[in-house]
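The values are calculated or read from the model by the stated rules, or taken from the named source; none is laboratory data. Remember, it's a predicted structure, so these values are computed and weren't measured experimentally. Here Cβ is always computed from backbone atoms with ideal geometry, including for glycine, and neighbour counts include all displayed protein chains. Quick note on the areas: whole protein, heavy atoms, side chains included, nothing else; ligands and nucleic acids left out. Shrake-Rupley method; radii C 1.70, N 1.55, O 1.52, S 1.80 Å.
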Amino acid sequence: MSLLDPLICRALCASAMLAAMAFPIASPAQSLAEAGAVAEAAAAARAAGAGPSRATPAVLPGPLPPDPSRAGKPVVFGSQMFSGRFASEAFTGFNPDYQIAVGDRVHLRMWGAFNHEAVQVVDAQGNLFVPSLGPLRVQGVRNADLNERVEAHVKRTFRANVGVYATLEAAQPVKIYVTGYVRAPGLYPGLSSDSVLYYLDRAGGIDPDRGSYLAVSVLRGGQPRAKVNLYRFLLDGMIEPLQLQDGDTIVVTPRRHTVLLAGEVLNPYLFEMEAPSSNARALLDIARPLPSATHLSVVRKRGPQRRSEYYPIEQAASVTIEDGDELTLTSDKYPGTILVRVEGANLSERTLVLPYGARLKDAMERLRPAPQANIGAVQLFRRSVAERQKQLMETSLRGLETYALTGRSATSEEATLRQKEGQQLLEFIQRARQVQPKGQVVLAGASGAADTLLEDGDVLRVPERSNLVMIGGEVMVPNALIYDPSADLAAYVRQAGGYTQGADEARVLVFRQDGSVADATQARMQPGDEIMVLPRIETKSIEVTRGITQIIYQIAVAARIALGL
C-alpha cells in the first residue's frame, strides 16, 4: 500500500458521509462499494502490467435512470446534457495545447545510425528516458512541441544521421472525486485529457433540483483550480480548457437563483441566474422569444402574496426580474385580415384576402364564376366546424365503446356472444375514428346566409352544374348515372344493380349540391344529387342499434361516407 492510499480512503469516506447527509440518491455503502470496485480493478491492471486504458465498463456505474420524483416539474435549462453521452465517449484526440504530465505514454521512434522503437511512460520526475542519451524532461511541454523537444535533445549527440519521431500515445489515467449536488457522488476513473463534463456525466449529472450549472468548481489539493460555467458551453460552445490530475475534486455548488419562463419562446425552461435580480432582456436573449410574442407576463411570489405584472416586450430592458418569478410570453394580436380559399368553378383569384369581420357576401362579390358554375349552390367548409363534428362523433363512439367493454352476461353462452359482438363493435369504432369530417356549413334555405361571418382558413367551393346523379353505399354497383327527370329513387337503385343484402331501404339520404340533406324515399331527385344508401344495423340490443345508427348518420352527413358494422 502506498502513502497515498490511506489519504484516498479517508477522502472517500468523507465523500460518502457527505452523500449520506445531503444526497439521498446514493447511499454511503453504495458509493464505497463502487469506489472499492474501481480501486480493485485499477490495482489488478497495474499488477498485470496493463496499459493506461480506461477501466472495464462493467465495473463503472452507468448513467442513472430518470428521477420519477421530477414528474410534472419544469425542465431545468442544462439538464438535457447529462444523458450518458459524455460518459460513453472517450476523448482520444489530444489538444495541441495539452501539457505532458507524469504517467503519459509517449511513442518514441529513432532510425538511421541508431534504431529504437518503444512506448515509454513519463516517470515521476517528469522525464522521458531516451536510450544512449539519458533522461529528457518533458513534463509541462505542449503536445504540439513534443517531437521538436525530443528531436533537439537527440541532435545534440546524433547530429545528422539519426531520425526522430515522438508522439503522445495515451494520456495519464487519473481518478477524480465528484461531489456536491450531483446524483451519484463518488470516485471516478478516466484520463487527464477528459473534460469536466465526462466526470459529471459519470456521476449522473447535476441534480436539477439543487445543483448549479453556473458554478462548477475544480479543486486541487483543497485549493480552487478552476470554475466552469456550463451555460457558456450550452449557448456559445465554450468550456474552460482544463487538464485534470489524479486526486482532483469536482464540486457542484448549490443552485443559485431561478426564473421560470414559458409561452412563446424557443427555450421554455427553468433558468438559473447569478444574482438575485436581473434584467428581463438578458433572460430573453437566452430564451429566444418567437416572432409572434408581443407581451411579457411576470408573476411574482413573495411570501403569502402573489402579484402579476404585464409589459409589452419592447419594455423588457426596463423590467427587473427576481428569484422565483414566473415569466410567460404571450401573443396578444388581433386579426387584421383573413385568408379565404376559393375552389371549383371560379375564374378569379383562388385566395382572397379579406378584412377581419368580412361576410360571405363580401367574398361572393369578388368571385368571377365560370359559365358552368352553379353559383346558387356555393359550399362553405370550415375547420372549426370539422373539429366540432369530430368531437360529437367521438362522444357517441365513447358511449358505444363503454357498452362494448362493460356489458355483463348471465351465462357462459351469453358471455361468448357478447365477446364476439364486443369485438365487432370495437373494430367498427376503430374504423369510425379514422373518418375525417368535411366541416361543411349548410347555406341553403337560410335567409341570412349572405351575412355569414367568415373565418380565417375558410374554403368556398363553387360547384359546377351537373346532369349526373351519384349513387353509393349499400347498392350492388355504386356509380354515376345520367339524370332523368322522370326517374324516382327506385329507378336509380335499379340502374345501380339494386340493394345489397345489408341495405336499409328505409334509410336512404340525398345530398344536394348546396349541402342540404333530404330523405330520398320522399324527395324528388335533382341534377347533381348524391344518393347514399345506409347499411342496416342488426343487433340484439336496442341500445346498441340506436347508438350505431346515430353514429352512421353522423358519419354520412359529416363525411359523405356510408360506414357499416
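Worth a mention:
- For the stretch 142-172, the candidate set comprises residues that are of a type in the set (Asp, Glu) and free of Cβ contacts under 8 Å to residues at least 40 places away in the same chain; within that set, the residue that is farthest from residue 112 (Cα to Cα) is 145.
- Members of the stretch 356-408 that are of a type in the set (Asp, Glu) and at pLDDT 90 or above: 362, 365, 387
- Residues located in the stretch 495-531, provided they are within 20 Å of residue 546 (Cα to Cα), among the hydrophobic types (A, V, I, L, M, F, W, C) and open to solvent by less than 50 Å² (accessible area, probe 1.4 Å): 503, 508, 509
- Taking the stretch 103-159 as the range and being on the phi > 0 side of the Ramachandran plot and in a helix (DSSP H, G or I) as the test, no residue passes.
- Some residue of the stretch 443-453 being of a type in the set (A, V, I, L, M, F, W, C), at pLDDT below 75 and within 30 Å of residue 367 (Cβ to Cβ): yes
- Of the residues making up the stretch 522-534, those that are of a type outside the set (A, V, I, L, M) and in contact with a strand residue (DSSP E or B) (Cβ under 6 Å, 6 or more places away or on another chain) are 529, 530.
- Scan of the stretch 474-490 for residues that are part of a loop (DSSP other than H, G, I, E, B) and either open to solvent by less than 50 Å² (accessible area, probe 1.4 Å) or of a type outside the set (D, E, K, R) (or both), ordered by number: 474, 476, 477, 478, 483, 485, 486, 487
- Complete set of residues in the stretch 96-109 that are touching a Ser or Thr at 6+ places or on another chain (Cβ under 9 Å) and open to solvent by less than 30 Å² (accessible area, probe 1.4 Å): 98, 101, 103, 104, 106, 108
- Set side by side, the residues 375, 429 differ, and just one is of a type outside the set (D, E, K, R) and open to solvent by less than 70 Å² (accessible area, probe 1.4 Å), which is 429.
- Checked against (1) in contact with a helix residue (DSSP H, G or I) (Cβ under 6 Å, 6 or more places away or on another chain); (2) of a type outside the set (A, V, I, L, M, F, W, C); (3) modelled with pLDDT of 85 or more, residue 554 meets all criteria but (3).
- Every listed requirement among (1) at pLDDT 90 or above; (2) open to solvent by 20 Å² or more (accessible area, probe 1.4 Å); (3) more than 26 Å from the chain's Cα centre (by Cα) is met by residue 246 save one, (1).
- Count - residues of the stretch 254-306 that are assigned to a strand (DSSP E or B) and over 17 Å from residue 318 (Cβ atoms): 17
- First in the stretch 267-288 and without any contact (Cβ under 8 Å) to a residue 40 or more places away in the chain and over 14 Å from residue 326 (Cβ atoms), second anywhere and part of a strand (DSSP E or B) and open to solvent by 20 Å² or more (accessible area, probe 1.4 Å), Cβ under 8 Å, 6 or more apart: 275/257
- Filtered residues of the stretch 381-427 (kept if closer than 28 Å to residue 342 by Cα and out of contact with any helix residue (DSSP H, G or I) (no Cβ under 6 Å at 6 or more places or on another chain)): 381, 382, 383, 384, 385, 386, 387, 388, 390, 391, 392
- Only residues that are open to solvent by less than 50 Å² (accessible area, probe 1.4 Å) and assigned to a helix (DSSP H, G or I) were counted across the stretch 402-421, and they come to 4.
- Residue match in the stretch 422-437 (condition: modelled with pLDDT of 85 or more, within 30 Å of residue 353 (Cα to Cα) and part of a loop (DSSP other than H, G, I, E, B)): yes
- Subset of the stretch 149-191 that is aromatic (Phe, Trp, Tyr) and open to solvent by 20 Å² or more (accessible area, probe 1.4 Å) - its residue that is nearest to the chain's Cα centre (by Cα): 181
- Close contacts from the stretch 173-193, counting a first residue that is closer than 22 Å to residue 103 by Cα and a second that is in a loop (DSSP other than H, G, I, E, B) and of a type in the set (Ser, Thr, Tyr), with Cβ to Cβ under 8 Å and a gap of 6+ residues or different chains, come to 173/53; 173/192; 174/192; 193/98.
- Total residues in the stretch 199-231 satisfying the condition of being under 18 Å from residue 244 (Cα atoms) and open to solvent by 10 Å² or more (accessible area, probe 1.4 Å): the figure is 12.
- Hits in the stretch 204-250 - residues which are part of a strand (DSSP E or B) and without any contact (Cβ under 8 Å) to a residue 12 or more places away in the chain: 223, 224
- Flag for residue 127 being open to solvent by 80 Å² or more (accessible area, probe 1.4 Å) and farther than 19 Å from residue 204 by Cα: no
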